[in-house]
Amino acid sequence: PGGLSVEAAMALAALASTPDVPAAVRGCVSGRELTEGGFAGDVEIAVQVDVSDVVPVLHQGVFSAA
């Protein structure tokens, strides 16, 4: 109770065991497909860390700041 869910704990373990997360995202199948499809800029945005202080929340199909 009050701790991480199993899914969150697994995600945290995966993150902690990946020495270069941006390289892993760029090199994964989805990252490569997006880059090859002309969306390399989107991949670069996705790998940025500590660039926003907003948490987006989806409510009734629209994202807004939490």
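The values are calculated or read from the model by the stated rules, or taken from the named source; none is laboratory data. Here the structure is a predicted model, which means the values were calculated and not measured. For neighbour counting, all protein chains shown are included, and Cβ atoms are generated from backbone atoms with ideal geometry for every residue, glycine included. Protein only, heavy atoms only, side chains kept; ligands, DNA and RNA dropped before computing areas. Shrake-Rupley method; radii C 1.70, N 1.55, O 1.52, S 1.80 Å.
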- Counting only protein heavy atoms with a 1.4 Å probe and every protein chain in place, the carbon and sulfur fraction of the accessible surface of the chain in whole percent equals 64
- Given the protein chains as shown and a 1.4 Å probe, how many square angstrom of residue 64 are accessible, to the nearest 10? 60
- Ordering of 48-55, 32-39, 11-18 by packing [mean C-beta count within 10 Å, highest first]: 32-39, 11-18, 48-55
- Query: Mind checking the dipole of the chain: about its Cα centre, +1 per Lys or Arg Cβ, -1 per Asp or Glu Cβ, Debye to the nearest 20?
  - Reply: 120
- Computed over the chain, the relative contact order (Cα-Cα under 8 Å, seq sep at least six) in percent reads 17
- Per residue accessible area of the chain, 1.4 Å probe, in Å²: 83
- Query: Just the C-alpha atoms of the chain: what Rg/Rh do they give, with Rh taken as the Kirkwood radius?
  - Reply: 1.04
